[in-house]
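Everything on this sheet refers to the single structure shown next.
The numbers here are math on the coordinates, done by the rules we state, and not lab data. If you're wondering where the values come from, they're calculated on a predicted model, not measured in any experiment. No Cβ is skipped: glycine too gets one built from the backbone with ideal geometry, and neighbour counts run over all protein chains shown.
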Amino acid sequence: MSWDWLREALTTFFAVTMWPTGIYFLLANTAMLVLIVIAARHFSRYLRRSEHRGEDAMAGSPVSLGVSVIMPAYNEEAVIRTSVRSVLDLRYPDHEVIVVNDGSADATMQVLKDAYGLVLDDRDVPGRIPVRGTIRGIWRAPDGAVPLTVVDKENSGRSDSVNVGLDLASKDLVVMVDADSILEPDSLLSVSKPFADDPERVVATGGVVRIVNNSRVQGGRIVDVRMPKQTIARIQVVEYLRAFLLGRTAWSDLGALILISGAFGMFRRDVLIDVGGLDPDSIGEDFELVMRIQKWIKEGKRDLRVEFVAEPVSWTECPSTVKVLARQRRRWHRGLWEVLWGYRAMLLNPKYGKVGMVALPYYWLFELFAPLVEIAGIILVPLGLLLGVVDPAFAILLIVVSYVYGTLVTLAAVVVEESSFHRYERWSDLGATLWAVIAENFGYRQLTAIWRLQGWWAGLTNQKQVWGEMTRAGFSEEADEPTGTPAR
Amino acid sequence: MITPLPAEFLWVVLIASSALIVGSLAALLLQRTRRHARARRREALDAQLRPLVLEATVAEGDEIDDVLERVRALARVEREHIGRTAYQMLRDITGEAATNLRAVADAAGLVPRVVADTRSRDAVIRADAAEALGLLAPEGALERLRELARDPSPEVRTVAVRALGGFDDDAAVRSIVAALAADSGVPATVATTALLQQGWAAGDRVRLALEDEDPSVRRGAARVAGILQAPGSAERLVALVDDPLESVRIAAMRSLERVPSRDAVGPLVRAALEGGVLGEAAATTLLAMPGAWTREAIARIDHEAEPGVRRAAGLRRKEAAA
Amino acid sequence: MSGRVLVVDDDRDIRDLVAIKLESAGLDVETRPDGPQGLEAALDGSWAAIVLDVMMPGMSGIDVLRSLRERGVQTPVILLTARGQEKDVEAGFAAGADDYVTKPFSPRALLARVTAALG
């Protein structure tokens, strides 16, 4: 008798929350499914045109737009030589490389000096972008050798290093890459193509980042694409496929792309300087940058575009241990929260067109809040069952439907990949992929939801204290993680 | 116990999703099996027919007729494969071997199909046909490509203009120059690259285009004039350094790096002092000119220009110089 | 004409096109599909000349060439470079190439250069 009021309260609570939760899952997955369909349509159009895209003609054309490749490097002595070599060797008629040594404690600088016989470059520095790290010296390869500039500076984090490189860039386009990424030989060609096709309107492009774990790499190039061995990495392959390849293609098609991976984004240099380069205080700095560019476009009523290229451009090592993955996801979600919050004025604001009315609501609802709803479900449903206020048959049905529908959406992404790029050709790869599609539902989803909530919480509570430390520590840990790309 | 909405709805979603999952799995397996089977079929055809195509590339004199006879005698599937193989290889080679490959593609029956495709209602097929016309260069290809350069679809026009770059002919050059216009729908880099492929044949037209009313035509011409070393273009390029449009000015400056003119120094210094991307381009061009011409100009930049321009002019940091 | 020539290119069409032209002139040709295998073969046998593609995944032709010269192998090397990639030509000569041919290439011109390199 005395407990009836609690039962009553819980029953009401579940009556109010359970259905919205179920509907939320259905909506989130349906939205993703729509994005996948849009991307599939885009791919089929794109691939039909592969016979006459004329990349070879452009690869040899002296009128192509020049590209400055900016590569920040922190303690990269083991790979820096190969990385620089492989960027210099990219197939492109006119590109320079600017390495920014971010106060490495190892021999990164010395390795470069020895490899290229660098000489001091004491030319003036433009100073158009405010930077923090003090420059110790600017070096370059001796005249006529290779188009390489190396900046040696005090440690100030990845974003600030990119800004230093941006200030010294001399070409029309700039692209930022990580020293530990593996680049496709044609990456500059594919990502610069939208600029060449529509030079008046395209201001930024991004390409597909894929996972390199277990693939065979030689001299900084992929020679054999393979599925990773660990389940945790395989699931991420599927995740990347769904979110990065298909999701971003669809957003680009809709004209509302707000996220380009920092591991390979190309920008018009004048625009990047106009908006002030990367924000060194932001955790999701690549997300923040594209948001800032979109805001600048819409507020200036400029007829400009941000585009995504469905070609793979760069390959990156994904976390293969739970510990590193947890850290990455916390950081991604914290970055996501801080950028979304920082630009909340754009949310549902018709002034910002599809970015404000479609993309941002999607990111708020189905990215930011997703882990909250997921965890709430995990806690509340068993609790309700335990207290006997939820019909067990019904609860199980709701859960099964959510998971089966989610699996269908992921599988649709795999089907689209299979009918378009099919980079994983072995039968065993297909088996591994399908296994990952299923396995994602058991443990992985729930764990990532917890980490994402932790990251969000960290962002909500102790922002100020960790700023300086976060950027610095985050960067030094980067060796075993991909770059700071917020989720999806 | 609560069931606020009908569970039937969930059952429908569940059953539909499950059915679609099974369907997707079947589609996956089918796609992969078919793709692998197709690859195997091609491999088998390749093993049988590739030597014939390769033989054609090294055939001398009458030997090619013999090869062509053998190609014509093949079954349709085999001829199609030969056509594809020869077409792919044409991208890699030039000269006599390429001429032979074109003959092989013709004997395989590729040309009539390509010509018919130029009239397709599908723009993608017309664009593919334009690409093929450029590579195969059958009789009448030039005229047809010039028509396709006026196609309603910008995609087709772009491919046609790019293909026209390979035809050494004034009519081809005229079509390409026309494609430089702002409203042509052909990317400027495609049209300018095609002009460059024309080389000397384009020189006269490029010089004329430098004075065109359309700034896009002026810009494209300015971009290639220097690389082509188009005779008599330096004077016009100097005038374009003061063009009303910034992108035309920059294109002219980049060309002046290769065809230096002393008359350009004055306008370039003025541009350098304006700063920005324009100023940097001006300084870079000045740096590429003989030092005797530019000594005063560089000194002026040293005193008055912004740091970015000073860097482009090769000038040292103030504190480093001190 | 006689002599063994090694052809290294990742593109099968080009490998075959080069091989058949050189063979038609009476040369003995062997091919390899990538840098590492090319280097291994180059170090392994005695070659009269090596035709080396610059743009290969993994180990580029210039990397192979550098390794060869570092180990004192002085076999004449002719590079295959892509059109418009003048920097490859510069880097190639700096690494010790004897000659180069630009793709798309004329098999006849390539044969002439190989012949010249054979002395």
I need to check one value: relative contact order of chain A, counting alpha carbon pairs closer than 8 Å and at least 6 residues apart, in percent. 19
State to the nearest 20 debye the size of the charge dipole of chain A about its Cα centre, where the only charges are +1 on K and R beta carbons and -1 on D and E beta carbons. 980
Cross-link list A:Lys193/A:Lys323; A:Lys193/C:Lys87; A:Lys298/A:Lys323; A:Lys193/C:Lys21: which exceed 31 angstrom alpha carbon to alpha carbon? A:Lys193/A:Lys323; A:Lys298/A:Lys323; A:Lys193/C:Lys21
Set of the stretch C:21-38 residues, backbone N closer than 12 Å to the point 7 Å along the Cα-Cβ line of C:Ser2: C:27-28
Once both label points are put 7 Å beyond Cα along the C-beta direction, the B:Glu43-B:Arg113 separation in nm becomes 2.4
Relative contact order (percent) for chain B, with alpha-carbon contacts under 8 angstrom and 6 or more residues of separation? 8
Under the helix-only model (-39500 (n - 2.57) for each DSSP H run of 4 or more, divided by the residues of chain C), the mean residue ellipticity at 222 nm, to 500 deg cm²/dmol, is -14000 deg cm²/dmol
From phi via Karplus (6.51, -1.76, 1.60), per-residue ³J(HN,Hα) for the stretch B:115-130 in Hz, x at Gly/Pro: 4, 5, 5, 5, 9, 4, 7, 8, 4, 5, 5, 4, 5, 4, 5, 4
Specify whether the C-alpha gyration tensor of the stretch C:4-118 places it in the rounded, prolate or oblate class, a ≥ b ≥ c being the square roots of the eigenvalues: rounded for a/c under 1.5, otherwise prolate if a/b is larger than b/c and oblate if not. rounded
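Roughly how big is the stretch B:173-322's charge dipole about its Cα centre, with Cβ charges of +1 (Lys, Arg) and -1 (Asp, Glu), in debye to the nearest 20? Could you put the intermediate results ahead of the total?
On the way: 19 positive and 19 negative charges, 105 e Å.
With Lys and Arg at +1 and Asp and Glu at -1, about 500 debye.
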Shielding by partners - mean other protein chain Cβ count within 10 Å, residues of B:90-100: 6
Out of residues 5 or more away from A:Glu96 or on other chains, whose amide H comes under 5 Å of its own, with H placed 1.01 Å from N in the peptide plane? A:Val67, A:Ser68, A:Val69
Suppose R0 equals 51 Å; then what is the FRET efficiency for A:Glu200 and A:Val400 from their Cβ-Cβ distance, rounded to the nearest 0.05? 0.45
Ordered by residue, what ³J(HN,Hα) values in Hz, to whole numbers, does the stretch B:14-21 give under the Karplus form 6.51 cos²θ - 1.76 cosθ + 1.60, where θ = phi - 60° and Gly and Pro are x? 4, 5, 4, 4, 4, 4, 5, 4
Proximal charge balance of A:Tyr352 [Cβ under 10 Å; K/R count +1, D/E count -1]: +3
Each label sits 7 Å from Cα toward the beta-carbon; between A:Val16 and A:Gln454 the label points are separated, in nm, by 3.1
What is the calculated FRET efficiency for C:Ala116 to B:Asp122, with r their C-beta to C-beta distance and R₀ = 45 Å, to the nearest 0.05? 0.40
Once you place label points 7 Å from the Cα toward the Cβ at A:Arg41 and A:Arg216, how far apart are they in nm? 4.1
The protein assembly as shown - Debye-derived log10 I(q)/I(0), Cα point model, q = 0.06, 0.08, 0.09 Å⁻¹: -0.48, -0.85, -1.07
Once phi for every residue in the stretch A:450-462 is put through the Karplus expression 6.51 cos²θ - 1.76 cosθ + 1.60 (θ = phi - 60°), the whole-Hz ³J(HN,Hα) values, with Gly and Pro written as x, are 5, 4, 5, 4, 4, x, 4, 4, 4, x, 6, 9, 9
Dipole magnitude (debye, nearest 20) for the stretch C:4-118, charges at Cβ of Lys, Arg, Asp, Glu: 260
For the stretch A:126-169 and the stretch B:126-167, write down the distance between their C-alpha centroids in whole Å. 45
Amide H proximity to A:Met176 below 5 Å, modelled H, separation 5+ or other chain, gives A:Ile70, A:Gly265
Helix-only estimate, please: 222 nm mean residue ellipticity of chain B, summing -39500 (n - 2.57) across DSSP H runs of length 4 or more and dividing by its residues, to the nearest 500. -23000 deg cm²/dmol
Out of B:Ala27, B:Ala141, B:Ala160, a Gaussian network model of chain B with alpha-carbon springs under 10 Å gives the largest mean-square fluctuation to B:Ala27
Among A:Ile23, A:Val175, A:Val34, which residue has its Cα positioned farthest towards the positive end of the charge dipole of the protein assembly as shown, with +1 placed on the Cβ of Lys and Arg, -1 on the Cβ of Asp and Glu, and the dipole taken about the Cα centre? A:Ile23
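Using a Förster distance of 41 Å, how high is the FRET efficiency between A:Leu434 and B:Asp170, based on the Cβ-Cβ distance and rounded to 0.05? Walk me through the intermediate numbers first.
Working: r = 60 Å, r/R0 = 1.46.
For R0 = 41 Å, the calculated efficiency reads 0.10.
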Which of A:Ser402, A:Leu347, A:Val208 sits farthest toward the positive end of the charge dipole of chain A, with +1 on the Cβ of Lys and Arg and -1 on the Cβ of Asp and Glu? A:Ser402
Taking just the alpha-carbon atoms of the stretch A:293-353, what radius of gyration and Dmax come out, in angstrom? 16.5, 46
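If you add up the charges near A:Tyr444, with Lys and Arg at +1 and Asp and Glu at -1, over every other residue whose beta carbon is less than 14 angstrom from its beta carbon, what do you get?
Values: positive: A:Arg234, A:Arg242, A:Arg329, A:Arg445, A:Arg452; negative: A:Glu239, A:Glu374, A:Glu440.
Within the 14 Å Cβ shell, the charges total +2.
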Sequence neighbours fewer than 8 away in the same chain don't count; with that in mind, list the lysines whose C-alpha is under 16 Å from A:Lys301. A:Lys351, A:Lys354
Among A:Val111, A:Asn155, A:Ile70, flag the residue with its Cα farthest along the positive direction of the charge dipole of the stretch A:68-171, charges on Cβ as +1 for Lys/Arg and -1 for Asp/Glu. A:Ile70
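Give, as a single signed number, the net charge of other residues whose beta carbon lies under 13 Å from the beta carbon of B:Ala181, with Lys and Arg counted +1 and Asp and Glu -1. Intermediate results must be reported in sequence, preceding the final value.
Working: positive: B:Arg150, B:Arg157, B:Arg174, B:Arg218, B:Arg219; negative: B:Asp183, B:Asp212, B:Glu213, B:Asp214.
Net of charged neighbours comes to +1.
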Under the rule of at least 5 residues apart or a separate chain, name every residue whose amide H is placed under 5 Å from the amide H of A:Val217. A:Val223
